[in-house]
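Every number here is computed from the coordinates shown, using simple stated rules; none is lab data. The structure presented is a predicted model; accordingly, all values stated were derived computationally and were not measured. Counting neighbours? That spans all protein chains shown, and the Cβs are built from the backbone with ideal geometry, glycine included.
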Amino acid sequence: MAAWLIKSEPGKYSWEMLVHDRRTFWDGVRNYQARNNLQAMKKGDLCLFYHSVTGKEIVGVAKVVRSAYQDPTTTDDRWVVVDVAPGRAMKTPVTLADLKSDPQTCEMALIHQSRLSVSPVTAAEYKAVLKMGGVAGKQHR
DNA sequence: GCCAACGTTGGC
DNA sequence: GCCAACGTTGGC
């Protein structure tokens, strides 16, 4: 099982909206590198959910419930979406400053490539983020 | 609100 | 195929 990080401006689509919706398709990715990451996602993969611009923190973990398929919002077949559902919310949101200051997470793609909206996360990074968020050891349903 | 970083576009 | 111009993103 792989881990990823997806980000969104909360003003456009927030964690709270995902919790309310129960499930959504992750659209709007118009960057090849991010698209490639989306296509590599498999059902059951976990995605750290990051709020960019407002908040700048990881607020929860989303779960991939459907792997990549044609983006329904465009007829351009270069772009795909995945379906995600909310998993655990962070007990304590993990801020960008937190990630930068921890040696286990300061090399994350999020920090190195701030504009990449979908990026891979290593198992060690994922574990470290959950620990910082106060949800270490919790099982996802 | 500003600006740096980055990706994309289009002229040559 | 190169590179300048432009638009967008996101941290500050």
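Compute the relative contact order of the range A:13-115 as a whole-number percentage, counting only Cα pairs closer than 8 Å that sit 6 or more residues apart in sequence. Please report the intermediate quantities before stating the final value.
Numbers: 166 pairs, mean separation 28.5, N = 103.
Relative contact order, the range A:13-115: 28 percent.
For chain A, taking Cα atoms only, Rg and Dmax work out to 13.9, 43 Å respectively. About its Cα centre, the range A:76-141 has a charge dipole of approximately 360 debye under the convention of +1 per Lys or Arg Cβ and -1 per Asp or Glu Cβ, with nothing else charged.
Let a ≥ b ≥ c be the square roots of the eigenvalues of the Cα gyration tensor of the range A:76-121; is it rounded (a/c under 1.5), or, if not, prolate (a/b larger than b/c) or oblate? Working shown, then result.
Numbers: a/c = 3.29, a/b = 1.45, b/c = 2.27.
The shape class here is oblate.
Given +1 at the Cβ of Lys and Arg, -1 at the Cβ of Asp and Glu and no other charges, the dipole of chain A around its Cα centre is 360 debye to the nearest 20. Report the paramagnetic label zone for A:HIS20: residues of the range A:62-93 whose backbone N is under 13 Å from a point 7 Å from Cα along the Cα-to-Cβ axis. Answer for the range A:62-93: none.
In chain A, helices alone account for a calculated mean residue ellipticity at 222 nm of -6500 deg cm²/dmol, with every DSSP H run of four or more residues adding -39,500 (n - 2.57).
Restricting attention to the range A:1-90, close to 70% of DSSP beta bridges with both partner residues there are antiparallel.
The A:LEU116 and A:LYS91 beta-carbon pair, evaluated with R₀ = 35 Å, returns a calculated FRET efficiency of approximately 0.85. What residues from the range A:74-93 fall in the zone where the backbone N is under 14 Å from a label point 7 Å along the Cα-to-C-beta line of A:ARG30? Under 14 Å, as judged by backbone N against the label point of A:ARG30, lie A:74-80 of the range A:74-93.
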